[in-house]
1. When the Cα atoms of the range 143-264 are enclosed in a convex hull and the volume is divided per residue, what value in Å³ results?
2. Can you give the helix-only mean residue ellipticity at 222 nm for the chain, where every DSSP H stretch with n ≥ 4 adds -39500 (n - 2.57) and the sum goes over all residues, rounded to the nearest 500 deg cm²/dmol?
3. For the range 150-177 and the range 48-122, write down the distance between their C-alpha centroids in whole Å.
4. Which net charge results when you count Lys and Arg as +1 and Asp and Glu as -1 among the other residues whose beta-carbon is under 13 Å from that of Ala80?
5. Which of the trypsin sites (Lys or Arg not before Pro) found in the range 51-139 are loop residues per DSSP with 14 or fewer other Cβ atoms within 10 Å of their Cβ?
6. By what distance, in whole Å, do the Cα atoms of the range 1-124 stretch along each of the three principal axes, largest value first?
7. At 1.4 Å probe size, with every protein chain present, just tell me what the per residue accessible area of the chain comes to in Å².
8. Given Cα positions, please report Rg to Rh for the chain, the hydrodynamic radius being the Kirkwood one.
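The values are calculated or read from the model by the stated rules, or taken from the named source; none is laboratory data. Just so it is clear, the model here is predicted, and its values are computed rather than measured. All Cβ positions, glycine included, derive from the backbone under ideal geometry; neighbour counts span all protein chains shown. Ligands, DNA and RNA are stripped out before the accessible areas are found, and what is left, the full protein with its side chains, is counted by its heavy atoms. Shrake-Rupley method; radii C 1.70, N 1.55, O 1.52, S 1.80 Å.
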Amino acid sequence: MQNTLKSLNQIVIKIGSSSLTHESGLIDLWKMESLVKQIANLFNSGKDVIVVSSGAIAAGIGKMKLTEKPKAMPEKQAAAAVGQSTLMHMYEKFFSEYGITVAQVLLTKEDMYEESRRAHCVNALSALINHRIIPIINENDVVAIDEIKVGDNDTLSAEVCKMINFDNLIILSDINGVYNKDPRKHPDAEMIPLIDRLEILDAIDAGDAGSTVGTGGMQTKFKAARIIASTSKTMFIINSGQKDVLNRMFSGESFGTFFDFRNL
Ligand code: GLU
């Protein structure tokens with residue numbers, strides 16, 4: 001595992017809303033600062049990093065002092081517009097403390113699935129990476145309404161990883177990894193440290209494998225894993241609530257579930 005991690009040089013890191021915000025939706029500064037520091041350290045070790053960050057709608061809800069997630073589309077769009085700039089402001093602040101420049105990249109479904117737009121997108125991301133800038137990607141929730149959305153950032157991050165041909169996707173979430181059954185309902189549930197064949201995924205009921213407060217839950221994480229499998233790359237699901245988890249993982253400790261599809 002340690003050798004595997006050392007050999008992964010191009011990493012997409014997906015940060016879920018729950019890894020960045022309080023329940024109120026306001027940004028949890030400790031959580032965000034700690035993640036930024038660990039990502040900055042990884043980046044300084046020479047790796048190429050792309051961040052896919054959720055949290056725009058959650059941060060917008062917090063800032064607009066709404067009591068719950070809006071149901072009406074224009075309200076959701078408004079929350080995303082408010083929250084996205086709040087998010088970027090904080091990323092900019094924390095990353096700049098470590099001398100790192102970041103760039104906001106907002107994508108829509110067409111950017112991923114339409115050939116010429118996809119090519120432009122890859123060119124832009126490559127230019128940023130060549131300049132040693134960390135792109136911070138989110139779906140453009142202000143203009144992409146539900147019917148025409150990717151809809152969740154697990155899928156979006158896997159598509160980004162595929163389109164830019166990076167080695168590895170790390171999904172930071174509020175669950176420890178993939179379990180054989182829902183650990184909240186079954187005390188004997190066991191976490192699966194390694195998934196290296198699609199048959200292992202097929203045998204697990206995603207609806208019963210533990211879920212998160214974010215948009216996706218385990219279903220979208222499995223969808224992401226299948227996209228990663230289609231490119232024979234690797235993916236991790238780890239709990240960002242564990243202290244210094246990224247740093248410790250790259251120093252040799254084992255966390256979460258490792259999806260190794262390199263030999264497919
Ligand atoms: N794009 C959404 C946001 O920033 C998050 C989607 C997701 O949770 O996967 O709020």
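1. Looking at the range 143-264, the number lands at 128 Å³ per residue.
2. So the helix-based figure for the chain works out to -13000 deg cm²/dmol.
3. So the two Cα centres are separated by 15 Å.
4. Neighbourhood net charge equals 0.
5. Of the trypsin sites (Lys or Arg not before Pro), the ones in loops of the range 51-139 whose Cβ has at most 14 other Cβ atoms within 10 Å are Lys65, Lys71, Arg132.
6. Cα spread of the range 1-124 along its principal axes, largest to smallest: 46, 39, 28 Å.
7. Value for the chain: 45 Å² per residue.
8. Using Cα coordinates only, the ratio equals 0.94.
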